[in-house]
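Have a look at the structure below before the remarks.
The values are calculated or read from the model by the stated rules, or taken from the named source; none is laboratory data. What you are looking at is a predicted structure, and each value in this text was computed from that prediction instead of being measured. Here the Cβ positions follow ideal geometry from the backbone for every residue, glycine too, while neighbour counts run over all protein chains shown. The area values use the complete protein model at the heavy-atom level, side chains included, leaving out ligands, DNA and RNA. Shrake-Rupley method; radii C 1.70, N 1.55, O 1.52, S 1.80 Å.
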Amino acid sequence: MKKFSFLLIFIVFFLASCGSGSKSENDSDSGEPQNDEDTVNDDDSTGPQPDEEAVEPVCLKPKAGPYALKFTDISEQMGIQKINALGTQITVADIDGDRWPDIYTSLASKAREDQSEPKNLYKLLKNVKGESFEDITFSSGLFADKNGTNGLASTYVVFADMNNDGYQDAFNVVYVDNDTLSSDSFEDDYSRVYLNKGDGTFSYTGGNFVFDDMFEAIAGAAFLDYDRDGVIDLFIGRHYNRYGYLESCEPDTLMKGLGNGKFENVVTGNSGLETEKFNESNALEGKFNKPTWGVTACDIDGDGFSDIMTSSYGRSYNALYRNKGNGTFEDLSISSNFAHDDDENYGDDQFFACYCEDETNKATDYCSVSKGAVISCDGIGTSNWTPGFSDQPYRLGGNSAGTLCGDFDGDGDTDLFQIELAHWHIGEASDKSQLILNDGFPEKPLRRVSEEESGISRKRSGSWNDGDLGGFAADFDNDGKLDIYILSSDYPGTKSMLFQQLSDGKFKETAKEADAQIPRAHGGAFVDIDRDGDYDLIIGTSFMRWAASDADGLKKPEKQWIKVLRNDTGQDANKVIIDITGSAANRDAIGAKIIVKAGGKQFVREVQGAYGLNGFQNDHLQIIGLGDICEIEEIEVRWPDKEGSITKYDKVFANYVLEIDQETGLKHHKPEEYFKK
């Protein structure tokens with residue numbers, strides 16, 4: 001039975017409005033230092049205790065997980081085709097404050113939309129109580145240009161409460177590179193910030209967000225509060241200005257939020273984030289401007305400050321900047337083992353092989369490691385391989401699209417999963433998507449886990465392509481272990497993959513049997529679309545390189561309709577559902593770490609904003625699966641504020657919505673009452 005088991009449990013119990021004990025906000029027994037002095041401010045204050053009576057326990061009784069995942073395509077009943085909801089990229093935010101997640105879809109275009117005859121380049125859709133979507137694209141004001149005319153270009157949009165008024169504001173990104181500026185169709189549509197007026201409509205803040213002296217090829221944008229001042233900041237990553245030319249890249253930029261929707265550049269000489277145009281002297285150290293494709297912010301070293309990672313296209317180094325907690329960063333890209341994997345063998349690279357097929361080069365010692373060309377070198381020749389450049393470590397990484405953060409091995413710290421696009425003809429040196437475990441960073445480098453060890457693998461044969469462009473880490477079956485969903489697209493035969501974590505910590509690909517395998521899946525989000533306590537999926541698709549039929553005979557759809565997949569498994573396991581709000585911390589609580597202690601285990605989640613290539617953004621609602629565990633010993637929240645405040649709650653019960661406000665404390669709610677229909 002779909003979705004009724006969770007609600008029926010509540011009919012059995014009489015539920016009173018209830019109480020939660022709360023320990024000191026700055027409790028010194030946290031076990032982990034949170035500020036620069038390696039201590040936590042310890043006072044004798046009592047944390048907020050909003051509920052006064054006990055809550056009746058609500059316990060589901062599944063067996064121990066993992067559980068067989070099953071999804072149902074509800075795109076038709078949600079009216080996707082009726083409203084022409086197309087998209088390669090999806091972002092999620094509750095823009096009108098009704099507690100139901102709304103969605104933005106985009107075809108990642110740089111062109112303007114026509115309100116009178118829409119090409120459906122993008123949509124803003126209101127979630128109508130989990131039953132349908134309402135098109136509010138042009139009534140929202142989000143796509144009005146500086147003259148008030150609807151139709152502003154929109155490559156993608158990411159959301160955050162930039163002025164701490166309780167409503168989601170929007171950063172509308174228009175990808176502007178050299179080709180865009182030279183196009184006759186470009187109409188001065190630059191990236192801009194729009195503030196939410198409190199009713200789900202937006203107003204332009206005035207003035208361009210961007211710098212006048214830079215191209216704005218913004219491929220990734222991540223919200224964070226890097227200095228923990230309670231105001232959202234923004235890190236933006238720039239791709240090539242002229243595609244394929246490393247020298248054309250501009251620096252990535254950390255923008256400090258001013259609290260009014262405006263920002264200032266803080267990469268000014270001593271931030272630790274400085275890079276410069278590529279040259280031979282800065283290449284090996286990785287201090288050059290890279291073709292950034294995706295950006296991510298999360299706390300890797302557990303000190304309470306958000307670190308920054310960038311993912312580079314063109315096989316350049318990826319970057320990891322550790323936040324030192326004093327407003328500056330240190331570049332640990334290479335020493336951390338994050339820049340790329342350790343396989344630098346280019347002997348089977350077909351561009352190298354074609355270089356060595358040239359009679360001038362064939363007999364040289366340099367070409368002795370070539371394994372020979374298996375492609376035709378006609379038209380390729382030696383032009384795609386340059387000795388002393390192409391064979392260097394900074395050119396032997398991957399085409400990296402983004403980084404996922406999460407405690408994948410359940411040891412309490414933040415691990416990573418790197419998303420990579422790879423091709424057979426580049427050979428074994430080209431990085432593949434990979435699990436990266438934290439065994440004590442920064443004292444120990446990050447540990448890359450082989451496909452064989454992790455189980456996150458796939459069959460590759462012939463002219464294969466890994467078209468991985470993004471993904472998410474979430475516990476879809478609510479068994480307490482994070483799963484990984486990978487979006488793979490743009491090449492024949494590519495499909496999304498769902499790697500479910502098993503009881504032994506290894507992963508198994510289950511997308512097809514779970515009915516969650518989407519051909520040419522490009523972007524998407526996990527979101528509890530129906531507010532039943534598990535994460536559903538919304539997936540966007542790409543038509544790139546998709547002929548009338550795919551490699552496996554799959555026919556190309558008429559349009560790039562998005563897919564809505566309802567989760568039919570996770571609602572039957574015990575879980576914690578948290579709606580979290582900061583006060584001294586930023587209101588979105590981005591950067592907050594939530595630790596649920598239950599059954600002698602710890603379940604750790606960090607609240608994140610947008611990340612990855614073209615702004616992946618998921619549901620703000622934190623759903624933490626407990627599997628067969630029902631009794632919770634404690635929930636601890638480590639807030640990203642100046643003091644590094646820690647709040648602990650006991651007397652907490654599973655299978656309720658826990659409304660956690662940093663100022664007023666914790667309240668239990670029945671899901672059907674909190675998310676009223």
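How many residues, within the stretch 252-271, are in a loop (DSSP other than H, G, I, E, B), closer than 14 Å to Tyr321 by Cα and in contact with a Leu (Cβ under 9 Å, 6 or more places away or on another chain)?
Of the residues in the stretch 252-271, 3 are in a loop (DSSP other than H, G, I, E, B), closer than 14 Å to Tyr321 by Cα and in contact with a Leu (Cβ under 9 Å, 6 or more places away or on another chain).
In this structure, does Thr664 turn out to be farther than 21 Å from Asp479 by Cα, of a type in the set (Val, Ile, Thr) and open to solvent by 10 Å² or more (accessible area, probe 1.4 Å)? Write out each step before concluding.
Working: farther than 21 Å from Asp479 by Cα: yes; of a type in the set (Val, Ile, Thr): yes; open to solvent by 10 Å² or more (accessible area, probe 1.4 Å): yes.
Considered against the rule, which asks whether it is farther than 21 Å from Asp479 by Cα, of a type in the set (Val, Ile, Thr) and open to solvent by 10 Å² or more (accessible area, probe 1.4 Å), Thr664 comes out as yes.
Please indicate, with yes or no, whether at least one residue in the stretch 297-304 is under 23 Å from the mean Cα position of the chain (by Cα) and within 29 Å of Phe389 (Cα to Cα).
Applying the first criterion (under 23 Å from the mean Cα position of the chain (by Cα)) to the stretch 297-304 yields 297-304.
Filter once more, keeping what is within 29 Å of Phe389 (Cα to Cα): none.
Looking through the stretch 297-304, none of the residues is under 23 Å from the mean Cα position of the chain (by Cα) and within 29 Å of Phe389 (Cα to Cα).
Across the stretch 631-677, what is the number of residues that are within 22 Å of Ile232 (Cα to Cα) and outside any strand (DSSP E or B)?
Looking only at that region, the number is 10.
Where the second residue is of a type outside the set (D, E, K, R) and in a strand (DSSP E or B) and the first is open to solvent by 10 Å² or more (accessible area, probe 1.4 Å) and lies in the stretch 213-236, which pairs have Cβ atoms under 7 Å and are six or more apart or on separate chains?
Listed by first residue and then by second, the contacts come to Phe215/Val176; Tyr226/Leu254; Tyr226/Asn323; Val231/Gly257.
Check the stretch 326-338 and report whether any residue there is surrounded by 16 or more Cβ atoms within 10 Å (Cβ to Cβ), part of a helix (DSSP H, G or I) and at pLDDT 95 or above.
No, the conditions are met nowhere in the stretch 326-338.
Suppose we keep only residues that are buried (at least 19 other Cβ atoms within 10 Å of the Cβ) and acidic (Asp, Glu) within the stretch 626-658. Which one would you say is farthest from Val58 (Cα to Cα)?
The qualifying residue farthest from Val58 (Cα to Cα) is Asp641.
Does any residue in the stretch 549-564 that is open to solvent by 50 Å² or more (accessible area, probe 1.4 Å) come within less than 6 Å, Cβ to Cβ, of a residue that is among the hydrophobic types (A, V, I, L, M, F, W, C) six or more places away or on a different chain, and which pairs are these?
Partner pairs satisfying both residue conditions: Lys556/Trp546; Lys556/Ala548; Lys559/Leu86; Lys563/Ile518; Lys563/Ile539.
On the given criteria, is Gly148 at pLDDT 95 or above and open to solvent by 40 Å² or more (accessible area, probe 1.4 Å)?
Here the answer is no, as Gly148 does not meet what is asked.
Within the stretch 358-386, can you find the residues that are under 27 Å from Glu280 (Cα atoms) and not β-branched (Val, Ile, Thr)?
Answer for the stretch 358-386, where residues must be under 27 Å from Glu280 (Cα atoms) and not β-branched (Val, Ile, Thr): Asp358, Asn361, Lys362, Asp365, Tyr366, Cys367, Ser368, Ser370, Gly381, Ser383, Asn384, Trp385.
If I ask for residues that are in contact (Cβ under 8 Å) with a residue 40 or more places away in the chain and either open to solvent by less than 10 Å² (accessible area, probe 1.4 Å) or in contact with a strand residue (DSSP E or B) (Cβ under 9 Å, 6 or more places away or on another chain) (or both), which ones from the stretch 254-266 would you list?
Leu254, Gly257, Asn260, Gly261, Lys262, Phe263, Asn265, Val266
If a residue has to be under 14 Å from Gly314 (Cα atoms) and over 18 Å from the mean Cα position of the chain (by Cα) to count, how many in the stretch 381-423 make the cut?
Total satisfying the criteria: 14.
Go through (1) over 19 Å from Asn574 (Cα atoms); (2) touching a Ser or Thr at 6+ places or on another chain (Cβ under 8 Å); (3) in contact (Cβ under 8 Å) with a residue 60 or more places away in the chain; (4) buried (at least 24 other Cβ atoms within 10 Å of the Cβ) for Ile484 and report which single condition fails.
(2)
Of the numbered conditions (1) in a strand (DSSP E or B); (2) surrounded by fewer than 20 Cβ atoms within 10 Å (Cβ to Cβ), Gly505 fails exactly one; give the number of that condition.
Exception for Gly505: condition (1).
Return yes or no: is Thr382 in contact (Cβ under 8 Å) with a residue 24 or more places away in the chain and open to solvent by 20 Å² or more (accessible area, probe 1.4 Å)?
yes
Take the conditions assigned to a loop (DSSP other than H, G, I, E, B) and modelled with pLDDT of 95 or more and apply them to Tyr346. Does it pass? Outline the logic, then answer.
Working: assigned to a loop (DSSP other than H, G, I, E, B): yes; modelled with pLDDT of 95 or more: yes.
Criteria met by Tyr346.
If we keep just the residues of the stretch 166-182 that are open to solvent by 10 Å² or more (accessible area, probe 1.4 Å) and without any contact (Cβ under 8 Å) to a residue 40 or more places away in the chain, which is farthest from Gly615 (Cα to Cα)?
Result: Ser182.
Taking Phe441 as the residue in question, decide whether it is crowded, with 16+ Cβ neighbours inside 10 Å, at pLDDT 95 or above and out of contact with any strand residue (DSSP E or B) (no Cβ under 6 Å at 6 or more places or on another chain).
It is true that Phe441 is crowded, with 16+ Cβ neighbours inside 10 Å, at pLDDT 95 or above and out of contact with any strand residue (DSSP E or B) (no Cβ under 6 Å at 6 or more places or on another chain).
What are the residues in the stretch 487-498 that are touching a residue at least 40 places away in the same chain (Cβ under 8 Å) and surrounded by fewer than 23 Cβ atoms within 10 Å (Cβ to Cβ), if any?
Hits for the stretch 487-498 are Asp490, Tyr491, Pro492, Gly493.
Quickly run through the stretch 603-625 and pick out the residues that are open to solvent by 10 Å² or more (accessible area, probe 1.4 Å) and within 14 Å of Arg638 (Cα to Cα).
Across the stretch 603-625, the qualifying residues are Phe603, Val604, Arg605, Glu606, Gln608.
Report yes if some residue within the stretch 513-523 is open to solvent by 10 Å² or more (accessible area, probe 1.4 Å), closer than 25 Å to Ile629 by Cα and either modelled with pLDDT of 95 or more or among the basic types (Lys, Arg) (or both); otherwise report no.
No, that holds for no residue.
Restricting attention to the stretch 64-92, which residues are outside any loop (DSSP other than H, G, I, E, B), open to solvent by 10 Å² or more (accessible area, probe 1.4 Å) and touching a Phe, Trp or Tyr at 6+ places or on another chain (Cβ under 8 Å)?
Scanning the stretch 64-92 gives a single hit, Leu86.
Taking Glu420, is it part of a strand (DSSP E or B) and free of Cβ contacts under 8 Å to residues at least 60 places away in the same chain?
Answer is yes for this residue.
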